[in-house]
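Structure first, commentary second.
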Amino acid sequence: MALDGPKQDFKYIGTRPERPDGWDKVTGKARFGADFSMPGMLHGAILRSPHAHAKILKIDATKALALKGVKAVVTRADFPEGLEGEDWNIQENVMAGEKALYDGHAVAAVAATSQLIARDALKLIEVEYEVLPHVTDVDKAMAEDAPVIREGAADYSVPEGMHPNVVRYMESGRGDLEKGFAEADLVIEESFTTEAAHQGYIEPHACVANLGADGKGDLWCCTQGHWFVRQMCTAVLGLEATQLRVTPSEIGGGFGGKTTVFIDPVALALSRKAGRPVKLVMSRSEVLRATGPTASASMDIKMGMTKEGKITAASGTFRMQGGAFPGAPVDVTTMLAFANYDIEHVHHTGYDVMTNRPKQAAYRAPGAPMGAFATESVLDELCRGLGLDPIETRLKNAVKEGTPATFGPKFPPVGLIETLEEARAHPNYSVKLGPNQGRGVASGYWMNWGGETSASVAIGDDGSVQVSIGTVDIGGSRASMALMAAEAFGIPYENVRVSIADTGSLGINEPTHGSRATFASGLAIIEASREATRKLCQRAADKWGIDADAVTWEDGCAKPSGPNAGEFDPLTIAEIAAEMGSTGGPISGHHESTPDGFGGSFGTHVVDVEVDPETGRTTILRYLVVQDAGKAIHPAYVEGQFQGGAVQGIGWTLNEEYIYGEDGRLQNPIFLDYRVPVASDLPMIDTVIVEVPNPGHPYGVRGVGETGITPPLPAIANAVRDAIGVRMKKLPLTPPRVLAAIKARD
C-alpha cells in the first residue's frame with residue numbers, strides 16, 4: 001500500500017516516549033482479567049479429569065446441586081451437538097464428551113455464590129471413568145501398538161497404512177537430494193528432540209461472562225484476540241456472532257497462548273444456565289495442565305556441505321504432537337527449518353501426531369524454534385567438521401532479495417546478511433573465552449502475517465486524535481500506534497490517544513499474533529489518518545475557495561501546495577477542528593483490509609556460556625541479539641521484544657519442559673517445578689536493531705515479536721557444544737543431562 005516505497009525521514013517515528021498505559025500498570029490501576037466484576041456475579045470452578053485417557057461413563061451432580069450456594073452445573077450435555085471440524089475440536093477441548101483425553105481435561109463446571117463453595121461443590125460431583133491406555137510421547141504415538149486417541153481424525157493428506165494418531169502429513173522440496181549430497185565434502189545426519197514448553201504468562205486465564213436466555217451477552221476476558229474469542233464461543237455455544245460483545249482487559253502476557261479459548265465458553269454456559277454473570281479464573285496448576293503449551297518434537301536432519309562452506313543439500317523429517325487434537329505447527333516447522341539459506345536441493349517431511357496431552361496453542365513463532373534447533377545444530381557441526389567460521393559460513397549461504405525460499409517464493413528485501421555482519425562486528429564476538437566456556441551462533445526467521453484488520457481515527461474539536469484499533473496491546477503497541485498516527489498527522493505524540501475497541505465497535509480484527517499488530521494495525525492507522533487528512537485539506541480548500549488538489553498536509557497543517565494555489569496562511573489541525581461543526585461536521589478516517597506485503601524478519605544471536613563440569617549447570621555469560629526490524633517505530637519496545645524472545649528461549653533451552661509420569665499425569669504443574677528463568681538467571685542482553693525497510697509498509701515496518709525466540713535454542717546448544725565438546729540433541733539442557741554427557745565424554 002506504500003505507493004512510493006517506505007518513508008525514510010521521520011519526526012516522531014524512532015523516538016522513545018513513555019508508554020500511555022505505563023502509569024496505570026505501575027500504580028495498580030490497570031484492570032486485568034481477574035479485576036473485573038459485576039453485581040450479582042457468581043464464581044465458577046471446573047472439574048478436571050485425573051486420568052490421561054478415560055471413557056466418561058457417568059456424571060452425577062445431584063449432591064453438588066444440593067449444596068447451598070450452588071446455582072448451576074454444566075457438562076457436555078449443556079453444549080449443542082452436531083459441530084464438526086475445528087469447532088468440534090474447540091468444544092471437545094473446553095468440555096469433554098465421551099472421553100477425557102488428557103490429564104486436566106474439563107468434564108464439568110459449577111457456578112456458586114463464592115469461590116469456596118464452587119470448589120467444595122466440585123468434590124461432590126461423582127464421575128465414573130473407565131481408564132484407557134494412554135500415550136504422551138510423539139514417537140511412541142506413531143508406533144503400531146500405540147493406543148488410538150480418536151479414530152477418524154486424520155485428514156486427506158495422511159497416506160494409507162499410517163497409525164490413526166497421525167492426523168496430517170506434508171511433504172515438499174525441490175532439486176535432487178542424491179545429487180546434492182554427492183557434491184558435499186561432509187554430510188552429517190542427526191536426530192533431535194524438544195519437549196513441550198509453556199508460554200509462561202504471569203496472568204492466568206480469567207473472564208466474566210453474562211449471557212441471557214435470549215442469546216445476547218457480554219464477555220470480558222484477558223485475550224490476544226477478542227474477535228477470535230467471539231467466533232469460537234458463539235460457534236461452540238450455537239449463538240449468533242453479533243449478539244455476543246467481547247471486551248478485552250489488560251493482558252498479563254500471552255505470547256500466543258491467549259489466541260484461543262479454554263474457559264470462556266464454559267463461563268458463558270454457566271451464566272446462561274444460572275441466569276447471572278459468572279466469573280472464572282484459572283489456577284496456575286490448571287493453566288499448566290489444561291491450556292496449550294507448544295508442541296514437542298522429534299526430528300531427523302541431514303545436511304551436506306563443501307569444504308568451502310557451501311550447503312549442497314538438506315533434508316528434514318519433523319514429527320510433532322499437538323496434544324489430543326490436530327493442529328501441531330509442523331507445517332510452519334517444515335517451511336522455516338532451512339529458510340535462512342540458499343539451498344538448491346532440499347526436502348521436508350512433516351507429521352502432525354495426536355497424544356494424550358492438552359491441545360497445543362501458539363507460542364511465539366509456533367513451530368519455528370524446534371526446526372531451528374535441529375538444523376542450526378547440524379550446520380554448526382558441519383562448520384566444526386570442516387574448520388569453518390560459523391558466521392562466515394552463514395554469510396556464504398544466506399538468503400537475500402531474489403533468493404528462492406526453500407518453501408517456494410522469492411524473498412523481497414530482507415536483512416539476514418546485515419544481521420550476520422553486525423553480529424560479526426560486535427565486541428561480543430571477539431571476547432576471549434576461558435576454561436569450560438563456549439560460544440554459539442545461530443540465525444532464525446519468522447515470516448510474519450497480515451490478517452483481517454480495521455482501524456479508525458477521529459479528530460477532536462481541539463485537534464487531538466483518537467485512534468481505535470482491534471489488536472490487543474501485548475508489548476507496548478499502543479505507543480507504537482500513537483507514534484504512527486502522530487507521524488501521519490504531523491502532531492505531537494501526546495496529542496494522540498489509542499484505545500482497544502470491543503467487538504461491537506470495529507470490523508473484524510485478527511488477534512495480536514503472527515507478528516502482525518504493528519505492521520497491520522499500523523498500516524491501517526496510517527491509511528485511516530491519510531483519509532482524515534484528505535478531509536482536513538478539503539475543509540481548508542473550501543475555506544480558501546480553491547480546489548482540494550491545491551492543498552497539501554504538512555507538519556499538522558493544511559497548506560497551499562504551491563504559489564499558484566494562492567497566498568494563504570497555514571491552517572492547523574486545531575483550527576480546522578474547532579470549526580468542524582459549521583463546515584461539514586465531524587472529521588474521521590477509517591481503513592479495513594487484509595494486507596499482504598508483510599515481509600519477514602531475520603535475526604542472528606551470539607551467546608557465550610560457562611558449564612560447571614562438576615554439576616552440569618550452564619550459566620549464560622553474554623547474550624547478543626541482532627535482528628531486522630524494518631523500521632523500529634519505538635526502539636525501546638523493539639529492544640524489549642528482542643530481549644524477551646531471548647529470555648524465553650533461554651528458559652526453553654536450559655530448564656523448561658513438560659514432565660509426564662507413567663500414569664500420563666503432568667508432574668510439574670506449578671512454577672516451583674516448571675522452572676522459568678528469573679532475573680538472577682540472566683545476563684544483560686545486548687541488542688542491535690537492523691533496519692532494512694519492508695517495501696510492503698508505508699514506514700518500512702516488519703513484525704519483530706516472534707523471530708527473537710527462534711535462534712536461542714540452537715545458539716545456546718551450540719555454545720554448550722563448544723564448552724563441553726559434546727553435541728546435546730535433546731532439550732532442555734538440564735544440569736543432569738549435561739553432566740551425564742560430560743561423564744560419557746570422559
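Over 15 Å apart: what share of the alpha carbon pairs of segment 282-343 falls there, rounded to a whole percent?
Beyond 15 Å sits 63 percent of the P(r) for segment 282-343.
Please work out the average accessible area per residue across segment 1-123, using the 1.4 Å probe convention, and give it in Å². Don't skip to the end; give the middle numbers.
Numbers: 6410 Å² over 123 residues.
Computed with neighbouring chains in place, this is 52 Å² per residue.
What does the convex hull of the Cα atoms come to per residue for segment 241-304, in Å³?
181 Å³
At a Förster distance of 30 Å, what's the computed FRET efficiency of Met38 paired with Asp87, Cβ-Cβ distance as r, to 0.05? Intermediate values should be presented prior to the final figure.
Numbers: r = 28 Å, r/R0 = 0.94.
Rounded to the nearest 0.05, the efficiency is 0.60.
How big, in percent, is the set of alpha carbon pairs in segment 353-440 lying more than 14 Å apart?
For segment 353-440, the share of Cα pairs beyond 14 Å comes to 77 percent.
Starting from segment 625-679, pick out the GluC sites (Glu not before Pro) whose DSSP state is loop and whose Cβ has at most 13 other Cβ atoms within 10 Å.
Filter output for segment 625-679: Glu662.
In the chain, what percent of the accessible surface is made up of carbon and sulfur (1.4 Å probe, ligands and nucleic acids excluded)?
Percent of accessible area from carbon and sulfur atoms in the chain: 50.
Suppose the Debye formula is applied to equal point scatterers at every Cα of segment 502-562; what is log10 I(q)/I(0) at q = 0.28 Å⁻¹?
The Debye formula, applied to the Cα set alone, gives -1.12.
Given a Förster radius of 60 Å and the C-beta distance between Asp139 and Lys68 as r, what FRET efficiency does 1/(1 + (r/R0)^6) yield to the nearest 0.05?
Working from the Cβ atoms, E equals 0.75.
Suppose only helical runs count, i.e. DSSP H with n ≥ 4. What mean residue ellipticity at 222 nm does that imply for the chain under -39500 (n - 2.57) per run, divided by all residues and rounded to the nearest 500 deg cm²/dmol?
One gets -8000 deg cm²/dmol as the mean residue ellipticity at 222 nm.
With labels modelled as points extended 7 Å from the Cα through the Cβ direction, what inter-label distance (nm, one decimal) is found for Asp542 paired with Asp569?
About 2.2 nm separates the two model spin labels.
Give me the accessible area per residue for segment 475-598, probe 1.4 Å, as a whole number in Å².
I get 41 Å² per residue for segment 475-598.
Between the alpha-carbon centers of segment 332-372 and segment 153-171, tell me the distance in whole angstrom.
Their Cα centres are 17 Å away from one another.
Please compute the modelled spin-label separation between Glu128 and Glu308, points set 7 Å along Cα→Cβ, answer in nm with one decimal.
7.5 nm
Taking 25 Å as the cut-off for C-alpha to C-alpha distance, list the pairs among Lys302/Lys743; Lys179/Lys410; Lys29/Lys216; Lys359/Lys631; Lys55/Lys359; Lys310/Lys410 that go past it.
Values: Lys302/Lys743 27 Å; Lys179/Lys410 23 Å; Lys29/Lys216 30 Å; Lys359/Lys631 36 Å; Lys55/Lys359 18 Å; Lys310/Lys410 20 Å.
In this structure, Lys302/Lys743; Lys29/Lys216; Lys359/Lys631 exceed 25 Å between Cα atoms.
Relative contact order for segment 384-443: what is it in percent, counting Cα pairs under 8 Å that are at least 6 residues apart?
On the way: 36 pairs, mean separation 15.6, N = 60.
Once divided by the residue count of segment 384-443, the mean separation gives 26 percent.
Quick check on segment 522-641: what does the Kirkwood estimate of hydrodynamic radius come out to from the alpha carbon pairs, in Å?
Kirkwood radius, segment 522-641: 18.9 Å.
Does segment 589-746 come out rounded, prolate or oblate, given a ≥ b ≥ c as the square roots of the eigenvalues of its C-alpha gyration tensor, rounded meaning a/c under 1.5 and, failing that, prolate meaning a/b above b/c?
The shape class here is prolate.
Under a 1.4 Å probe, what is the accessible area of segment 170-297 per residue, stated in Å²?
32 Å²
Rg to Rh ratio, segment 72-220, alpha-carbon atoms and Kirkwood radius?
Using Cα coordinates only, the ratio equals 1.10.
Under the Cβ-under-4.7 Å rule, which cysteines of the chain stay unpaired?
Cysteines of the chain left without a disulfide-compatible partner: Cys222, Cys233, Cys383, Cys537, Cys557.
Put +1 on the Cβ of every Lys and Arg and -1 on every Asp and Glu Cβ in the chain; which of Pro435, Ser477, Leu571 then has its Cα farthest towards the positive end of the dipole?
Projecting each Cα onto the dipole axis, the largest value belongs to Pro435.
I'd like the projected area of segment 374-423, averaged over all directions, using the convex hull of its alpha carbons. Report it in nm² with one decimal.
3.9 nm²
Calculated FRET efficiency, Asp549 and Glu401, Cβ-Cβ r, R0 30 Å, to nearest 0.05?
E between Asp549 and Glu401, to the nearest 0.05, is 0.25.
With the crude spin-label approximation of a point 7 Å out along Cα→Cβ, what separation in nm comes out for Arg737 versus Asn436?
The two pseudo-label positions are separated by 2.0 nm.
Measuring from the lowest to the highest alpha carbon on each principal axis, how far does the chain reach, largest first, in angstroms?
84, 77, 49
Considering segment 450-553, what Rg and Dmax in Å follow from its alpha-carbon atoms?
Answer for segment 450-553, Rg first and Dmax second: 14.5, 48 Å.
Please give the charge dipole size of segment 201-250, origin at the Cα centre, charges +1 on K and R Cβ atoms and -1 on D and E Cβ atoms. Round to the nearest 20 debye.
The dipole magnitude comes to about 100 debye.
Cα atoms only, segment 614-668: Rg and Dmax in Å?
Using the Cα atoms of segment 614-668, the pair Rg, Dmax is 16.8, 50 Å.
With just the Cα atoms of segment 32-77, tell me how far they stretch along each of the three principal axes, in Å, largest first.
Each principal axis gives a Cα extent; for segment 32-77 these are 38, 28, 18 Å.
Fully extended, how many nm does the chain gain between Thr113 and Ser285 (0.36 nm per residue separation, minus their Cα-Cα distance)?
In short, 59.6 nm is gained.
Which links in Lys99/Lys729; Lys123/Lys729; Lys99/Lys258 stretch past 32 Å when you go from one Cα to the other? Intermediate results must be reported in sequence, preceding the final value.
Details: Lys99/Lys729 35 Å; Lys123/Lys729 44 Å; Lys99/Lys258 25 Å.
Beyond 32 Å: Lys99/Lys729; Lys123/Lys729.
Once you keep just the Cα pairs under 8 angstrom separated by 6 or more residues, what percentage relative contact order results for the chain?
It comes to 16 percent, rounded to a whole number.
What is the dipole size for the chain, taken about its Cα centre, with +1 at each Lys and Arg Cβ and -1 at each Asp and Glu Cβ, in debye to the nearest 20?
Dipole magnitude for the chain comes out near 1740 debye.
Is the shape of segment 402-516 rounded, prolate or oblate, going by the alpha carbon gyration tensor and its root eigenvalues a ≥ b ≥ c, with a/c under 1.5 for rounded and a/b larger than b/c for prolate?
Here segment 402-516 falls in the prolate category.
The values are calculated or read from the model by the stated rules, or taken from the named source; none is laboratory data. All values derive from a computational prediction rather than experimental measurement. Methodologically, a virtual Cβ is constructed for each residue, glycine included, from the backbone with ideal geometry; neighbour enumeration extends over all protein chains shown. Calculation scope for accessible area: heavy atoms of the full protein, side chains included, ligands and nucleic acids excluded. Shrake-Rupley method; radii C 1.70, N 1.55, O 1.52, S 1.80 Å.
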